[in-house]
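Only one structure is covered here, and it is reproduced in the block below.
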Amino acid sequence: MTVITCQNVTKSYRSYNVLNDIQFDIKENTLTGIIGRNGVGKTTLMKMIAGYTEVDAGKLEVFSENPFNNLIVSSNTVFIDDTMTFPESMTIQDIFKECKRFFDRWDNQLATRLSTYSGLHPKTKPYILSKGKRSIFHAIIGIASRSPLTIFDEPTNGMDAVVRKDFYRALLKDYIAHPRTILLSSHHIEEIENLLEDVLLIHNQTILFHGSITDLQERFITLMGTEQKLGNYMDSDDVIALQKIDSYVTLTMKNRFTEQEFEVMRENGIHVSNVSANDAYVALTGKSKGGIDDVFN
Amino acid sequence: MYLTKPKLIDIVSKQVRFKLNANAVSFSILVFLQLLALALSFPSMTSIDHELDVSLVEVSVTSHVIFAVLWTFFSGIHLANCTKWNETFTFVTTRFTHHLSNFFYMVIASFIASVMTVLASPTLRLLTYMRYDEIPQSPLTIIEAPMDFFIQFITAFLYLLLFFVIGYVIQSFVQMNGLLGSVYLIAIIFSLFIINGIFGVPLISNLVLAFLQERSLFLFSLKVIGAIAVLFSLSIWMTNRLEVRKS
Amino acid sequence: MGALALIPFLLIIVIFVLLMFGKTFSRQGIFSINRKFHFIVAFSFIGVLFIMTILAELLYPTSQEIERPPHTEDTSPSRFQAYNKIENDIIAGSRANSSLLVASRTHKVDEQLEITYSGEFYDFPLIYVERSEEAENTIEEYVYKPFMFVNDYDYTDKLDIHLPTWGKDTMTISNMVDFNLNLTEYSDASLFKQFTSEGNNSTFSSSFGSSSATPIIHLIVPKDLEVIAPFDDVMFVEELREEQ
């Protein structure tokens, strides 16, 4: 079953076009990472899916309904970001009670245990928490709500490395035990590589890639060998990155090779290895010519 | 995975309970204001004539009423706040359910406020007697005129609810549409004072007197309900296309 | 019962303290101010008001049952008339209406009568002195009622009238009228009275009006009695007759 259908959707802010004619589908019970550079429109897209903003053109359907101002979508979706607010007078305990009231699948035990583990006292009021602790609190709500569609917008903002690991692990465990559709946006792709099933890459107002994370990795290949052996490939237009130490060259390029060609390369002594999703992402979205160094030259 | 198919009435009642919990403080504030009013209007001498040794003590429940009106008005403003808007969207809601639950919250809060105000009246009478040992000359008591008491309660409830909604709509204008909303609001208020209605007096006078000079409770109720419906629809219409978490 | 007035202030102080220090109390675990607390406060307050209302209704008489003096509308025309008539009657020489008399006494006197005032007071009675042929060493004293209207109610009959004290040759007048009135009026808020049977008009007067007159003392004295009175307060009936 397709949970999210996006057809020819366009969104602009004032005269600035954020998303242009994008198209994708998200199936039920998948864990999809939404990645892209800063300001590319990840949050906008997620807000439209959650029903907080309207699309300017095109058709967006969540659970086969228009998500904007929609009660069915709202009851089955939870949107977690750092601008979430709660009534100031309510403590964590009170908020969990309200979550229980609104979210049908809310697991109070899990939420309480997670917050105890994270050092959140139930009688604290969220607005006095530090940024990191507040992110943890929001993340707990996202996990324990078990909404059929759970959207996390950069949930690890402010969390330290240890907590981030814990969060991913907790999310994964609960996702496996209680499958649901999860959208997760993050900048730390290298951290969530092992967590994600699918990836939705937004770049230049469009969807640059949507597929499994392994597919993303397979778009590129790293070749390592002497300059002599790699000579043919070094001049190709498909080269993304090139690193030379003495005569040893590491080449990252688009993967246009067949399995047989890889066999040949290996026989020739060229080392073939996979590219990490993070590198693939950087490769796809980085500037093709020059880099930050050019600014300083 | 099965989807929750929510019923409007369920969501609205959940939201009402949520809002009552979130705004519990305001009820303590109401009690505080009513006690303040009690202390202020507590029987005190107003005129003493030495020659004749007459001391006139006048007691009225007016300060209770004024405080109740102020409380509902500012509560209405508080309820339409941008923060409250964002808070509701954390949980399950649509714009329509948000407004509807706000309305029911206002009904409940106005009910409580009008109960307190109307019961303050016999209480004050009792306290006057206990203080001065003299039965105050007063209008009819509840036993004598139970209908009067009930009518007072209904009038109080309608007026307080009306002020609640007025505060709510004003804040909706200001908060929701930013500068433009404030401009609209000022334009509307200004024109109420400038444009002349019937009898050559400003429209605002017509509006206010339409309520104050009404003699029939039934017509008055209709007027109040009508005004509330108009104001509320305005509020819903204005915020229907509003985006969440503009911050 | 003055202590009762302090209760609202006490409660206000308590609430103020709670508002200021509530957070500290919560943190220290003394007690927690949560939403249950607020609702308990609100509903206990309503409960207290209910009890007070029930007490007010059961224990104290209704407005109809309150004893009040007669309304001035009923009594004032006749009173004014009667009061003015007293003076006219005195001048005319006829004995005034005995229903208006507070007291009538007879005193023995020698050759002079000294009228003095004792104590501090503001309302001096009208004293008419009539010289008569028939009185021989005696003075007939007639004291007539004043009237007192306050805010449309006739309090005349509630007045405490002290008669002058007579000595051998003296009449001492001290404060004749003792009047202590505590008038309490209660009115409902006019905004909510719009549709009740009373409407918006208030029976409320933020000013109070009163009308009063002082007692009249009529003395019939022997013709040759020397009357000593301060301040020219005494009016001699013969002179009044001449003026007419």
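The values are calculated or read from the model by the stated rules, or taken from the named source; none is laboratory data. Here the structure is a predicted model, which means the values were calculated and not measured. Positions of Cβ are backbone-derived with ideal geometry, glycine not excepted, and every protein chain shown enters the neighbour counts. To get the accessible areas, we keep the full protein, side chains included, count just its heavy atoms, and leave off ligands, DNA and RNA. Shrake-Rupley method; radii C 1.70, N 1.55, O 1.52, S 1.80 Å.
Brief remarks on what is shown
- Considering segment B:130-158, and only residues there that are crowded, with 21+ Cβ neighbours inside 10 Å and in a helix (DSSP H, G or I), the residue that is modelled with the lowest pLDDT turns out to be B:Phe149.
- Matching residues in segment A:81-94 - criterion: being in a helix (DSSP H, G or I) and without any contact (Cβ under 8 Å) to a residue 40 or more places away in the chain: A:Gln93, A:Asp94
- Residue satisfying all of: in segment A:235-265; outside any strand (DSSP E or B) and of a type in the set (Phe, Trp, Tyr); most open to solvent (accessible area, probe 1.4 Å) among these: A:Phe257
- Given (1) within 22 Å of B:Arg215 (Cα to Cα); (2) aromatic (Phe, Trp, Tyr); (3) within 7 Å of chain C (Cβ to nearest Cβ); (4) without any contact (Cβ under 8 Å) to a residue 24 or more places away in the chain, index of the condition B:Tyr129 fails: (1)
- Residue check, A:Asn232 under 30 Å from A:Asp166 (Cβ atoms) and open to solvent by 90 Å² or more (accessible area, probe 1.4 Å): no
- Where helices (runs of 4 or more DSSP H) sit wholly within segment A:103-198, those with at least 3 residues that are not hydrophobic (A, V, I, L, M, F, W, C) occupy A:108-117, A:131-145, A:161-177.
- Residue that is more than 7 Å from chain B (Cβ to nearest Cβ), in a helix (DSSP H, G or I) and at pLDDT below 80, where the choices are C:Phe231, C:Phe192: C:Phe231
- Given (1) within 27 Å of A:Ile207 (Cα to Cα); (2) more than 9 Å from every other protein chain (Cβ to nearest Cβ); (3) open to solvent by 50 Å² or more (accessible area, probe 1.4 Å), number of the condition A:Lys42 does not satisfy: (3)
- Matching residues in segment A:62-71 - criterion: being over 14 Å from A:Ile26 (Cβ atoms) and part of a loop (DSSP other than H, G, I, E, B): A:Asn66, A:Phe68, A:Asn69, A:Asn70
- Any hit, segment C:107-115, residues being open to solvent by less than 40 Å² (accessible area, probe 1.4 Å), in contact with a Leu (Cβ under 7 Å, 6 or more places away or on another chain), more than 14 Å from chain B (Cβ to nearest Cβ) and at pLDDT 80 or above: yes
- Near pairs, Cβ below 6 angstrom, 6+ apart or cross-chain, from segment B:77-105 (facing another protein chain (nearest Cβ under 7 Å)) to any residue that is of a type in the set (D, E, K, R): B:Asn86/B:Arg245
- B:Ala24 being modelled with pLDDT of 90 or more, under 20 Å from the mean Cα position of the chain (by Cα) and at the interface with another protein chain (Cβ under 8 Å from one of its Cβ atoms): yes
- Matching residues in segment A:7-39 - criterion: being under 20 Å from A:Thr156 (Cα atoms), open to solvent by 40 Å² or more (accessible area, probe 1.4 Å) and of a type outside the set (Gly, Ala, Ser): A:Arg37, A:Asn38
- Where a residue in segment B:7-18 is more than 10 Å from every other protein chain (Cβ to nearest Cβ) and its partner, wherever it lies, is surrounded by fewer than 19 Cβ atoms within 10 Å (Cβ to Cβ) and part of a helix (DSSP H, G or I), with Cβ under 6 Å and at least six apart: B:Val16/B:Phe104
- Test: residue in segment C:141-151 that is open to solvent by less than 50 Å² (accessible area, probe 1.4 Å), closer than 30 Å to B:Ile142 by Cβ, within 11 Å of another protein chain (Cβ to nearest Cβ) and at pLDDT below 75: yes
- Evaluation of A:Ile80 against (1) within 15 Å of A:Leu184 (Cα to Cα); (2) surrounded by fewer than 22 Cβ atoms within 10 Å (Cβ to Cβ); (3) in contact with a helix residue (DSSP H, G or I) (Cβ under 6 Å, 6 or more places away or on another chain) (one fails), failing number: (2)
- Hits in segment C:118-140 - residues which are open to solvent by 20 Å² or more (accessible area, probe 1.4 Å), farther than 19 Å from C:Phe179 by Cα and part of a strand (DSSP E or B): C:Arg131, C:Thr138, C:Glu140
- Restricting segment A:113-170 to residues that are of a type in the set (S, T, N, Q) and under 19 Å from the mean Cα position of the chain (by Cα), the residue that is most open to solvent (accessible area, probe 1.4 Å): A:Asn157
- Scope segment A:6-48; condition more than 18 Å from the chain's Cα centre (by Cα) and hydroxyl-bearing (Ser, Thr, Tyr); matching residues: A:Thr10, A:Ser12, A:Tyr13, A:Ser15, A:Tyr16
- The set of residues from segment B:184-202 being out of contact with any Phe, Trp or Tyr (no Cβ under 9 Å at 6 or more places or on another chain) and open to solvent by less than 80 Å² (accessible area, probe 1.4 Å) comprises B:Ala187, B:Ile189, B:Ser191, B:Leu192, B:Gly197, B:Gly200, B:Val201.
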